[in-house]
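A quick write-up on the structure given underneath.
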């Protein structure tokens, strides 16, 4: 799995060293919880979640990675999230939908340190 340097630069800009929050894991867990809540999320292509889903994510976290349809920025973070979810088999594709797996539910019940370590294992 390739991780673009633009993602690292952007994550570094988002990091608040005085906070105990880690946006990287919070955003990933948010994505998985939304999938669990809805049962399934529509895909527009192989491993590409519908932009409406990411716009909700954008509003929740204030990232402003997604603009209007004609002006979407390259949201490397969101592709990183979905790539990890598929690689770790936390989600599965069924037709044009993606849904949480049992492994995804297990991940959500893990401690925060474990969740973060899993994400870091795909970076380092």
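The values are calculated or read from the model by the stated rules, or taken from the named source; none is laboratory data. Everything numeric in this text was worked out from a predicted model, so none of it was measured. Note: ideal-geometry Cβ built from the backbone for every residue, glycine included; neighbour counts use all protein chains shown.
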Original post:
Which of the following residues is in contact with a helix residue (DSSP H, G or I) (Cβ under 6 Å, 6 or more places away or on another chain), under 17 Å from residue 33 (Cα atoms), touching a residue at least 12 places away in the same chain (Cβ under 8 Å) and outside any helix (DSSP H, G or I): 89, 115?
Top reply: 89
Original post:
Taking region 92-111 as the search range and keeping residues that are touching a residue at least 24 places away in the same chain (Cβ under 8 Å) and closer than 17 Å to residue 25 by Cβ, which one is surrounded by the fewest Cβ atoms within 10 Å (Cβ to Cβ)?
Top reply: 105
**OP:** Have a look at 11, 32 and point out the one that is surrounded by 14 or more Cβ atoms within 10 Å (Cβ to Cβ) and at pLDDT below 60.
**Re:** 11
Original post:
What about residue 26, is it in contact (Cβ under 8 Å) with a residue 24 or more places away in the chain and not in a strand (DSSP E or B)?
Top reply: yes
**OP:** Restrict the check to region 52-65 and report whether at least one residue is surrounded by 16 or more Cβ atoms within 10 Å (Cβ to Cβ), part of a loop (DSSP other than H, G, I, E, B) and at pLDDT below 80.
**Re:** yes
